[in-house]
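Chemist: Before we start, here is the structure in question, set down as structure tokens.
The values are calculated or read from the model by the stated rules, or taken from the named source; none is laboratory data. Computed from a prediction, not measured in an experiment: that's the story for all the values here. Quick reminder, even Gly has a Cβ in these numbers, built from the backbone with ideal geometry, and neighbours come from all protein chains shown. For the accessible areas, the whole protein counts, side chains as well, though only heavy atoms, and no ligand, DNA or RNA atoms are used. Shrake-Rupley method; radii C 1.70, N 1.55, O 1.52, S 1.80 Å.
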Amino acid sequence: MQVKVNKEEKRSWIEIDLARLEANYKALKEQLDTYSKVIAVIKADAYGHGDGRVAVFLEKECSVRNFAVSNIDEAMTLRDAGVKGSILILGYTAPQHFKTLYDNNIMQTIVSSEYADSLLLSPYKVRCQVALDTGMNRIGLSTNNAEACAETIKGYAAQGLNICGAFTHFCVADSLRPEDIAFTKTQIQRFEDVVSRLDSLHLDYVHCCNSAASLAYYPELGKHLKKYVRLGIVLYGLKPDADFPVDVNIKPAFEWKSLISMVKTIQVGESVGYGRAFTADHTMRIATIPTGYADGYSRRLSCGVGHVLINGQKAPIVGKVCMDQMMVDISEIPGVKMDDEVILLGDGLNADEMASLIGTIGYEVICNISKRVQRYYKKS
Ligand SMILES: *Cc1c(COP(=O)(O)O)cnc(C)c1O
């Protein structure tokens, strides 16, 4: 299948290679314990890759059966795209949507005991999973007292909540610092202490591992705690943390491209862009690219912090990134002309590397690419 790029519309676009997504998934499956099943985390538009398309592909071509999203809009996008597998909403959904959850067989997270109460009042027997807070202090029932926590959950079930799972989330599983590893082990223990008391509920879904924990080695994680793992970032070929070792051969599944809209020569003393943040001290060739911060290209990459690739060579950003355009230095790259392709993110310049230039994480870089940037799919 070829990438369909409409020449007339081409400005700033992403080419998503579904073959790489599939290869990532297969490589990760091979690395995981044979009994572990993947819950594909498709939130935030599949980390910018296009949620409906990615979920349908994973379901049809890779036999993924379970998906997780962050909210009801995302869940409905998957159902509307034809996803048949299980869908778990990892965060809050307002009670007025319980009917929609029920009608579309979407599982909801019980984020707190107050939330459980509102579910109990609802006539709709929404399938739900209990979030257990083992130390992240984001959502979930407190596990400080395992016995009391388990009794509370069993109480909800007895009162009629349709509880089919329990999960927790690790906050430092992507770190190799000894104190962080120790903290994750504490979280595992707290989780185990509660779920081991819930046998009578015969929960279908018990899970705790994100990408990092799935790939790290924690002997404390028994089979029953790894029956399902929630994979997000690594499916898309990026690392949970720049320093986190990933032994699996995964590759970013997308390239962000733009083109050259104009080429010019500037003389000594001429400035470039807003704020006149850059002034030439020698004759330079400058190219303009029709992508800016409104497309999600961080303004923090301005003034030489970031660069793009043209014909495989680095072209540093000159001046400030504008809303819809930016300028780069092509003095060292011969033959650049209007309509030439530019790589903003791709092989040789991935989101993790861009993130480290501006003090953030690859997750934020890819999630921030705006909807204005068209997504095209190919299978190489
Ligand atoms: C986002 C998220 C994940 C996926 O995290 P990755 O680091 O991308 O694998 C898993 N679980 C929960 C609760 C999440 O919010």
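Chemist: Based on Cα positions only, what radius of gyration and what Dmax would you give for the range 1-125, in angstroms?
Modeler: According to the Cα coordinates of the range 1-125, Rg and Dmax are 17.1, 55 Å.
Chemist: Sticking with this structure for a sec: Let me know the charge dipole size of the range 225-308 about its Cα centre in debye, to the nearest 20, where only the beta-carbon of Lys, Arg (+1) and Asp, Glu (-1) is charged.
Modeler: Result for the range 225-308 is approximately 320 debye, rounded to the nearest 20.
Chemist: Another question about this same structure. May I ask for the Kirkwood hydrodynamic radius of the range 190-285, worked out over all distinct Cα pairs and given in angstroms to one decimal?
Modeler: When all Cα pairs of the range 190-285 are included, the Kirkwood radius is 18.6 Å.
Chemist: Could you give each residue of the range 286-295 its phi-based ³J(HN,Hα) in whole Hz, using Karplus coefficients 6.51, -1.76, 1.60 with θ = phi - 60°, and x for Gly or Pro?
Modeler: With the stated coefficients, the range 286-295 comes to 10, 10, 9, 10, x, 9, x, 5, 5, 8 Hz.
Chemist: Follow-up question, since we're still on this one. Considering the options G160, T283, S261, tell which one lies farthest towards the positive end of the dipole of the chain, charges being +1 on Lys and Arg and -1 on Asp and Glu at the Cβ, about the Cα centre.
Modeler: After comparing all options, I get S261.
Chemist: I'd like to check one number: the per residue accessible area of the range 19-170, probe 1.4 Å, reported in Å² as a whole number.
Modeler: On the way: 6320 Å² over 152 residues.
Normalised by residue count, the accessible surface of the range 19-170 is 42 Å².
Chemist: For the range 214-342, just say rounded, prolate or oblate: build the C-alpha gyration tensor, square-root its eigenvalues into a ≥ b ≥ c, call rounded for a/c under 1.5, and beyond that prolate if a/b exceeds b/c, oblate if not.
Modeler: Judged from the Cα gyration tensor, the range 214-342 comes out prolate (a/c at least 1.5, a/b above b/c).
Chemist: Just to be sure I understand: if I project the alpha-carbon convex hull of the chain onto a plane and average over all orientations, what area do I get in nm²?
Modeler: Computing the convex hull of the Cα atoms and averaging its projections yields 20.7 nm².
Chemist: Something else about it: Give me the three principal axis extents of the range 297-343 from the C-alpha atoms, as integers in angstrom, largest value leading.
Modeler: Principal extents (largest minus smallest coordinate, Cα): 27, 18, 15 Å.
Chemist: Can you pull the percent of the range 306-379's accessible area that's carbon plus sulfur, 1.4 Å probe, other chains left in place?
Modeler: 52
Chemist: Is there a quick way to get the dipole size of the chain? I mean about its Cα centre, with the Cβ of Lys and Arg at +1 and of Asp and Glu at -1; what is the value in debye to the nearest 20?
Modeler: 780
Chemist: Round to a whole number: what % of the accessible area of the range 176-281 belongs to carbon and sulfur, probe 1.4 Å?
Modeler: On the way: 2490 of 5010 Å².
Of the solvent-accessible surface of the range 176-281, carbon and sulfur hold 50 percent.
Chemist: For E220 and A294, calculate 0.36 nm times their separation in residues minus their Cα-Cα distance, and state this gained length in nm to one decimal.
Modeler: Roughly 22.1 nm would be gained on extension.
Chemist: Right, here's the next one. How would the range 269-379 be classified by its alpha-carbon gyration tensor: rounded, prolate or oblate, with rounded meaning a/c under 1.5 and the a/b versus b/c comparison settling the rest?
Modeler: The shape class here is prolate.
Chemist: Continuing with this model, one more query. Take the alpha carbon gyration tensor of the range 133-213, find the square roots of its eigenvalues, order them as a ≥ b ≥ c, and report rounded if a/c is under 1.5; if not, report prolate when a/b exceeds b/c, else oblate. Don't skip to the end; give the middle numbers.
Modeler: Values: a/c = 2.49, a/b = 2.02, b/c = 1.23.
Taking the square roots of the gyration eigenvalues as a ≥ b ≥ c, the range 133-213 is prolate.
Chemist: Go through the range 210-220 residue by residue and turn each phi into a ³J(HN,Hα) via Karplus (6.51, -1.76, 1.60, θ = phi - 60°); whole Hz please, and just put x for glycine and proline.
Modeler: Computed from phi, the couplings for the range 210-220 are 8, 3, 4, 5, 5, 9, 7, 9, 10, x, 5 Hz.
Chemist: In addition: What number, in percent, do you get for the relative contact order of the range 218-318 if the mean sequence gap of Cα pairs under 8 Å and at least 6 apart is divided by its residue count?
Modeler: 16
Chemist: Still on this model: State the extension gain, in nm to one decimal, for the chain segment bounded by E151 and E179, taking 0.36 nm per residue of separation less the distance between their alpha-carbons.
Modeler: Gain in length upon complete extension: 7.0 nm.
Chemist: On to the next question. Quote the FRET efficiency, to the nearest 0.05, computed for E341 versus Q31 with a Förster distance R0 of 35 Å and r equal to the Cβ-Cβ distance.
Modeler: 0.55
Chemist: Next up: Give the longest segment of the chain that steers clear of chymotrypsin sites (Phe, Trp or Tyr not before Pro) in DSSP loops with at most 16 neighbouring Cβ atoms within 10 Å, not counting the sites themselves.
Modeler: 218-380
Chemist: Counting every Cα pair in the range 166-212, what percent are over 14 Å apart?
Modeler: On the way: 561 of 1081 pairs.
That fraction is 52 percent.
Chemist: For the range 225-357, what is the accessible area per residue in Å², given a 1.4 Å probe and the full set of protein chains?
Modeler: Dividing the accessible area of the range 225-357 by its residue count gives 43 Å².
Chemist: Another question, then. Ignoring any ligand, DNA or RNA, what whole percent of the accessible area of the range 56-129 comes from carbon and sulfur when the probe is 1.4 angstrom?
Modeler: Carbon and sulfur atoms account for 49 percent of the accessible area of the range 56-129.
Chemist: Right, next: Most mobile of T77, T134, T34 per a Gaussian network model of the chain (Cα springs, under 10 Å)?
Modeler: T34
Chemist: Which GluC sites (Glu not before Pro) from the range 235-339 combine a DSSP loop assignment with at most 15 other Cβ atoms within 10 Å?
Modeler: The qualifying sites are E270, E332.
Chemist: Using only Cα atoms, what is the ratio of the radius of gyration of the range 201-243 to 2.2 N^0.38 Å?
Modeler: Cα-based Rg divided by the globular estimate yields 1.28.
Chemist: Then there is this: Given the options A81, A158, A55, which has the most mean-square fluctuation in a GNM of the chain, springs set between C-alpha atoms less than 10 angstrom apart?
Modeler: A158
Chemist: Only Cα pairs under 8 Å and at least 6 apart count here; give the relative contact order of the chain as a rounded whole percent.
Modeler: Working: 800 pairs, mean separation 72.5, N = 380.
This gives 19 percent for the chain.
Chemist: Simple spin-label model, 7 Å along Cα-to-Cβ: S261 to A277 in nm?
Modeler: Taking the simple label geometry, S261 and A277 are separated by 1.8 nm.
Chemist: Quick one: divide the alpha-carbon radius of gyration of the range 318-371 by 2.2 N^0.38 Å and tell me what you get.
Modeler: 1.31
Chemist: Kindly provide the helix-only [θ] at 222 nm of the chain, computed as the sum of -39,500 (n - 2.57) over DSSP H runs of four or more divided by all residues, to the nearest 500 deg cm²/dmol?
Modeler: -8000 deg cm²/dmol
Chemist: Further, regarding this structure: Label points 7 Å out from Cα along the Cβ direction at K84 and D243: separation in nm?
Modeler: It is 4.6 nm.
Chemist: Let me ask something additional. Pull up all non-local amide H partners of V373: gap of 5 or more, or a different chain, and H-to-H distance under 5 Å with H placed in the peptide plane.
Modeler: Hits under the 5 Å cutoff: none.
Chemist: Right, something else. Relative to the Cα centre, what is the charge dipole magnitude of the range 55-110, using +1 at the beta carbon of each Lys and Arg, -1 at the beta carbon of each Asp and Glu, and rounding to the nearest 20 debye?
Modeler: Charge dipole of the range 55-110: 160 debye, to the nearest 20.
Chemist: Which whole-Hz ³J(HN,Hα) couplings does the range 315-330 yield from phi under the Karplus relation 6.51 cos²θ - 1.76 cosθ + 1.60, θ = phi - 60°, glycine and proline marked x?
Modeler: 3J(HN,Hα) across the range 315-330, in whole Hz: 10, x, 6, 10, x, 8, 5, 8, 4, 10, 8, 8, 10, 10, 8, 10.
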